[in-house]
1. Taking only protein heavy atoms into account and a 1.4 Å probe, give the accessible area per residue of the chain in Å².
2. Give the Cα extents of region 61-317 along the principal axes, in whole Å, largest first.
3. Collect residues whose amide H, placed 1.01 Å from N in the peptide plane, falls under 5 Å from the amide H of Gly119; neighbours closer than 5 in sequence don't count.
4. At q = 0.12 Å⁻¹, what base-10 log of I(q)/I(0) does the Debye formula yield for region 100-220 when every alpha carbon is treated as an equal point scatterer in vacuo?
5. Express the carbon and sulfur contribution to the solvent-accessible surface of the chain as a percent, rounded to the nearest whole number, probe 1.4 angstrom.
6. Amide H to amide H, which residues 5 or more places from Glu30 or on other chains are under 5 Å from it, using H placed in the peptide plane?
7. Per-residue ellipticity at 222 nm for the chain, helices alone: DSSP H runs ≥ 4 residues times -39500 (n - 2.57), over residue total, nearest 500 deg cm²/dmol?
8. Quick one: work out the % antiparallel among DSSP beta bridges in region 243-393, nearest 5.
Amino acid sequence: MIKIMKTKAILDFSQDEFLQTNKALVFDEEIIKICDFNKALSEYKNAQIIDKSEYILSPVLCNLHSHLEFCLSKLYYGDFAKWLESIIKNREAINKDLLSKEINRQIEILMQSGVGYLGEISSFGANLEILSNSKIKSIIFHEILGANDETLKNNIKSFEERFSRFSNLNNHISLHSPYSICDKTYEYALNFAKKNDLLISTHFLESAYEKEYLQGKSNALSNYLARFNPSLITKDFLSGFDDLRAIFTHCNYVDDFSIFKSHHIITTCPKSNRFLGSRAIRLKNLLANDLNLSIGTDGLSSNNSLNMFDELRAFIFTHNEFELNELAYIIYKAACFDNSHLFLNGLKPLSNGAKADFILLDDFGYDKDNVLAQIILRTNKIKNMYLDGKEII
Ligand code: MCF
Ligand code: FE
């Protein structure tokens, strides 16, 4: 059945005038169009009318990097090397039932904060069944790592089993990071991505320790990693990613972003970076290279909340090199528009034929120049979420 939703305004980032006031959205399972309410009424006489004229309609938010499996981990914050040691120690001691309950609770928190699209790293498969039954739309990045040939051999078996466990999931790959792999792990992951035409996600230059380690220097990270008998990769880490649909998370210690290709996506997790003792991403350099920015919460393993509005607020506080309203536009658009094609078969959010996935937000009564900053600063929960044209919140 066709529905006409009357709104206060629609945030349509395909337009320079992104704030489309007093518009209606016409949709069924998919978006039909955005137009004036009266025009919609006369064109679709039998449509169901939904009055949301007090609210602002926005595409759903996309959190492109999370680790729900680590949501019970109690870890050391403030120093990346100590944090890594604490997460590896903590891995064994997680109760399965408690973990499943908490993953479900955290998905609810994500959705209540507007997240309809989730890029989820799966390290050991504890999130798979839950996400295969969840209403949230997810891309699963199955993780592979292995610091030497022997470890890789064992890890491949588990990776391939996890990868094909749920065929209804949107299964892709994550190569963990440059410091947790050897040449064979790197080749295996990149070939697997190429062969199966997959998205590939990886953590890259997150900490100063990592950068030094890759330069062959010794520090607290290299001292800790030594116990895994690692063989450093001999290739330039980025060289194999040129033709891949790759997502690089963190990149805090990249200065020159021309090392990436224009189809690459860079995800930043502002709170995680602050909590693990890293500097913030050089956002001006990233934007100067016209790269696609995306935003992630990371897991509760390096955060205190998976509420996406908490993350957007933290973004504003950690990037005071930008004027407030300018930054609000960049990050809100990054969160709800720039990467959503990954979940929409390549279509843009709210465009004709795209799935009718959107949220309704309180209107705080500010004009166009200020509306996004106010939404980011004042929103804790959304009013409604529609996925595939159905109200689910
Ligand atoms: O993004 C953060 C920090 N950087 C790297 N890894 C993780 C993050 N949050 C969770 N992780 C996981 C990662 O997926 O920690 C483990 C991996 O499984 C560390 S290496 C065994
Ligand atoms: Fe991560």
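1. Details: 16640 Å² over 393 residues.
Solvent-accessible surface per residue comes out at 42 Å².
2. Principal-axis extents of region 61-317 (Cα, largest first): 43, 41, 36 Å.
3. Asn63, Leu64, His65, Ser66, Ile139
4. Once normalised to I(0) and log-transformed, intensities are -0.51.
5. Details: 7610 of 16640 Å².
The value for the chain is 46 percent carbon and sulfur by accessible area.
6. Those qualifying (amide H under 5 Å, at least 5 residues apart or on another chain) are Ala356.
7. Numbers: 13 runs with 126 residues, N = 393.
The helix contribution divided over the chain gives -9500 deg cm²/dmol.
8. Numbers: 5 of 12 bridges.
Expressed as a percentage, antiparallel bridges in region 243-393 total about 40.
The values are calculated or read from the model by the stated rules, or taken from the named source; none is laboratory data. It should be emphasised that the depicted structure is a prediction, and the values quoted were computed from it without experimental measurement. Please note: Cβ atoms are built from the backbone with ideal geometry, for glycine as well, and neighbour counts cover all protein chains shown. Quick note on the areas: whole protein, heavy atoms, side chains included, nothing else; ligands and nucleic acids left out. Shrake-Rupley method; radii C 1.70, N 1.55, O 1.52, S 1.80 Å.
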